[in-house]
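A short worksheet on the structure shown next.
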Amino acid sequence: MNQQTAVTDTPAPKAKTLPDAQTVTEVQHYTDRLFRFRVTRPQSLRFRSGEFVMIGLPGDDGKPIMRAYSIASPSWDEGLDFYSIKVQDGPLTSRLQHIQPGDQIILRPKPVGTLVLDALLPGKRLWFFATGTGIAPFASLMRDPDTYERYDEVIMMHTCRDVAELAYGRELIESLPDDPLIGEFVGDKLKYYPTTTREQSPFMGRITDNLLSGKVFADLGIDGMSPETDRGMVCGSLEFNKDIMAILDGMGLREGANSDPAEYVVEKAFVG
Ligand code: A2P
């Protein structure tokens, strides 16, 4: 047996399987700051639209680097979608941004979160307020038939720095009325109000400013928000969440929770 054969005959080291491993099936990059990816779904995983799970990769020392990620896909979907920022020196996203189909990630199958329909009292109109990757939980909620069964009108407000950063949300929302599974529930109930703050686009300005000035109400032909009819879900940076909460409180809405449903709920978007 020559050396060459001996090397070939040596069994390849078994691919290391991570605990709670899921396989990446799709990756799509939108900008140098944003991408989405899809992974296989553990058969036993049940979740409510708007919830998040911990996902991650093994670090150099073998210890997993885990972060909270909202599930962006609907609960009826066979895969799991995530929408992520890329932070060049971020412990997780500096590596996660390089994943390719066939790679494995770690996914702890324990969904939790406050952005769930059950944490809200019944109402007429449901507002989704998001900045940046904060749109992820709403990508799930916008595809949940329950959202449209509970509310007459659903308004998705999303603010990003520039038009390219709106693409993920825009493409998803534009596809919904014709979606074979969810299209008939969506009908004409879903209103989309995208704005940019650092590039010219048809609608400009921060969500907070557009609420305070009343511009969004004038643009949509709505009188305003009231605790009798309106419900809100908020997902963005800490500062954004704080500013929106102050506005909603000022309109008489109260923060709710799973155990004590009220008029709005808040979740911090993943940012690192
Ligand atoms: P701005 O460009 O005025 O900072 P980021 O990409 O930094 O996460 O921000 C996403 C979007 O959220 C940007 O359009 C940003 O506007 C907006 N934003 C950031 N902080 C707030 C806040 N406190 N209230 C409302 N909008 C905010």
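The values are calculated or read from the model by the stated rules, or taken from the named source; none is laboratory data. Everything numeric here is computed off the predicted structure, so don't read it as measured data. For neighbour counting, all protein chains shown are included, and Cβ atoms are generated from backbone atoms with ideal geometry for every residue, glycine included. Heavy atoms of the whole protein, side chains included, go into the accessibility calculation; ligands, DNA and RNA do not. Shrake-Rupley method; radii C 1.70, N 1.55, O 1.52, S 1.80 Å.
Computed quantities for the displayed model
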read-out	value
Qualifying positions in segment 182-202 - open to solvent by 40 Å² or more (accessible area, probe 1.4 Å), within 12 Å of the ligand (Cβ to nearest atom) and of a type outside the set (Ser, Thr, Tyr)	Arg198, Glu199
Residue selected from segment 66-89 under the condition polar (S, T, N, Q) and in a loop (DSSP other than H, G, I, E, B), by the criterion farthest from Arg48 (Cα to Cα)	Gln88
Count - residues of segment 203-215 that are away from the ligand (no atom under 13 Å from the Cβ) and open to solvent by less than 40 Å² (accessible area, probe 1.4 Å)	1
Test result for Glu228, in a loop (DSSP other than H, G, I, E, B) and either under 21 Å from the mean Cα position of the chain (by Cα) or outside the structural domain of Gly50 (by TED's automatic domain parsing) (or both)	yes
Hits in segment 225-251 - residues which are closer than 20 Å to Glu153 by Cα and surrounded by fewer than 19 Cβ atoms within 10 Å (Cβ to Cβ)	Ser226, Pro227, Glu228, Thr229, Met251
Residue in segment 149-161 that is in contact (Cβ under 8 Å) with a residue 40 or more places away in the chain and either basic (Lys, Arg) or open to solvent by 20 Å² or more (accessible area, probe 1.4 Å) (or both) present	no
Residue within segment 166-178 that is touching a Cys at 6+ places or on another chain (Cβ under 8 Å), open to solvent by less than 50 Å² (accessible area, probe 1.4 Å) and within 16 Å of the ligand (Cβ to nearest atom) present	yes
Meets criteria (at pLDDT below 95 and either surrounded by 14 or more Cβ atoms within 10 Å (Cβ to Cβ) or touching a strand residue (DSSP E or B) at 6+ places or on another chain (Cβ under 6 Å) (or both)) for Gly79	no
Per-region count, segment 258-271, residues open to solvent by 20 Å² or more (accessible area, probe 1.4 Å) and under 30 Å from Leu96 (Cβ atoms)	6
Segment 19-34: number of residues that are within 16 Å of the ligand (Cβ to nearest atom) and either in contact with a Pro (Cβ under 7 Å, 6 or more places away or on another chain) or open to solvent by 40 Å² or more (accessible area, probe 1.4 Å) (or both)	3
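Per-residue answers, yes or no, for (1) in contact with an Asp or Glu (Cβ under 6 Å, 6 or more places away or on another chain); (2) closer than 24 Å to Ile173 by Cβ; (3) open to solvent by 10 Å² or more (accessible area, probe 1.4 Å):
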| site | (1), (2), (3) |
| --- | --- |
| Arg95 | no, no, yes |
| Asp103 | no, no, yes |
| Ile106 | yes, no, no |
| Val116 | no, yes, no |
| Leu121 | no, no, yes |
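A quick yes/no check of all residues on (1) among the charged types (D, E, K, R); (2) open to solvent by 40 Å² or more (accessible area, probe 1.4 Å); (3) outside the structural domain of Ala167 (by TED's automatic domain parsing); (4) farther than 15 Å from Val112 by Cα:
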site: Val39; (1), (2), (3), (4): no, no, yes, yes
site: Glu51; (1), (2), (3), (4): yes, no, yes, no
site: Gly56; (1), (2), (3), (4): no, no, yes, yes
site: Arg67; (1), (2), (3), (4): yes, yes, yes, no
site: Ser70; (1), (2), (3), (4): no, no, yes, no
site: Ser75; (1), (2), (3), (4): no, yes, yes, no
site: Gln88; (1), (2), (3), (4): no, yes, yes, yes
